[in-house]
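Structure, as structure tokens:
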């Protein structure tokens, strides 16, 4: 019998207010090791506050948390030794070169001269910065600066990394490059706690997603789980002629169709079983289909349905 590994991050009833403004109203989190967990929410929803509490930068008003097996409130030094944080704004020193920035971090981690040089050289290679290592960081592109910023976070070999909107302002190519770096880190056993404004980013990277709204977690699950909760999924069938379209409508009991476009839209829950049942029904009636496409709600639909209006969120989650 195997014992389940200790989660990388847990939180129970986490609360935080600033004056009379409640930012976190009792949130629970459970993040398994070696996964990407993404926290989504509108601006001001409390994503950065959550990161600051878990990374020991501020204290919670209530509730409890553990990060890498330690309590951020009572064991902040142990938590800091196990984590890395890349915030919304770069921590790179523009007056120093890429190598000097990394060497400074190695010194702060007390790696020793020889070990520090090896670690710096490895990170420069890993993040494709070796050719620019001697140049001032002020000359780096946005993508290079973010890679250097993340490399600085990794100098101490953290087990948990908090990435707070790490690709803000990057062009699509640089953003995808950062995604691959995150995938490589997780493949190596690192846990990543990600906040982002780019829903495509969460869809690409996250094993699980939690949606934060009005200080509470209003939904949590895999990206596919969340998308299946939102109505609007359908299969689009297209036909070569009106006869085939009408035959299909009769076969599946779908009287409503667009005859001008020779298309039929069939509600669908996104499951393979539902798709197979539809194809089998059309095959039984020998209906020729010109093309078929599956349309499912994306995370934009999830975000809009679950945030901004508590009544809408309750309706979706019933």
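The values are calculated or read from the model by the stated rules, or taken from the named source; none is laboratory data. Keep in mind it's a predicted model, so treat the numbers as computed, not measured. All Cβ positions, glycine included, derive from the backbone under ideal geometry; neighbour counts span all protein chains shown.
What's the total number of residues in the range 42-68 that are at positive phi, under 18 Å from the mean Cα position of the chain (by Cα) and in contact (Cβ under 8 Å) with a residue 40 or more places away in the chain?
1
Out of the range 69-87, which residues are surrounded by 20 or more Cβ atoms within 10 Å (Cβ to Cβ) and either in a loop (DSSP other than H, G, I, E, B) or more than 24 Å from the chain's Cα centre (by Cα) (or both)?
72
Working carefully through the options 76, 72, find the one that is farther than 26 Å from residue 184 by Cα and in contact with a helix residue (DSSP H, G or I) (Cβ under 8 Å, 6 or more places away or on another chain).
72
Condition check: touching a residue at least 12 places away in the same chain (Cβ under 8 Å) and part of a loop (DSSP other than H, G, I, E, B). Does residue 156 satisfy that?
yes
Under the condition of being in a loop (DSSP other than H, G, I, E, B) and within 21 Å of residue 208 (Cβ to Cβ), which residue from the range 3-21 is modelled with the highest pLDDT?
8
What about residue 207, is it modelled with pLDDT of 85 or more, farther than 23 Å from residue 144 by Cα and within 12 Å of the chain's Cα centre (by Cα)?
Details: modelled with pLDDT of 85 or more: yes; farther than 23 Å from residue 144 by Cα: yes; within 12 Å of the chain's Cα centre (by Cα): yes.
Answer is yes for this residue.
Taking the stated definitions as given, is residue 273 in a strand (DSSP E or B), surrounded by fewer than 16 Cβ atoms within 10 Å (Cβ to Cβ) and modelled with pLDDT under 90?
no
Every residue, every condition in (1) in contact with a strand residue (DSSP E or B) (Cβ under 6 Å, 6 or more places away or on another chain); (2) surrounded by fewer than 21 Cβ atoms within 10 Å (Cβ to Cβ); (3) without any contact (Cβ under 8 Å) to a residue 12 or more places away in the chain, yes or no:
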site	(1), (2), (3)
166	yes, no, no
208	yes, yes, no
221	no, yes, no
228	no, yes, no
233	no, yes, no
236	yes, yes, no
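Quick grid of which residues meet (1) modelled with pLDDT of 85 or more; (2) more than 18 Å from residue 233 (Cα to Cα); (3) in contact with a helix residue (DSSP H, G or I) (Cβ under 8 Å, 6 or more places away or on another chain):
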position: 246; (1), (2), (3): yes, yes, no
position: 251; (1), (2), (3): yes, yes, yes
position: 254; (1), (2), (3): no, no, yes
position: 258; (1), (2), (3): no, no, no
position: 268; (1), (2), (3): no, no, yes
position: 278; (1), (2), (3): yes, no, yes
position: 284; (1), (2), (3): yes, yes, yes
position: 290; (1), (2), (3): yes, yes, yes
position: 293; (1), (2), (3): yes, no, no
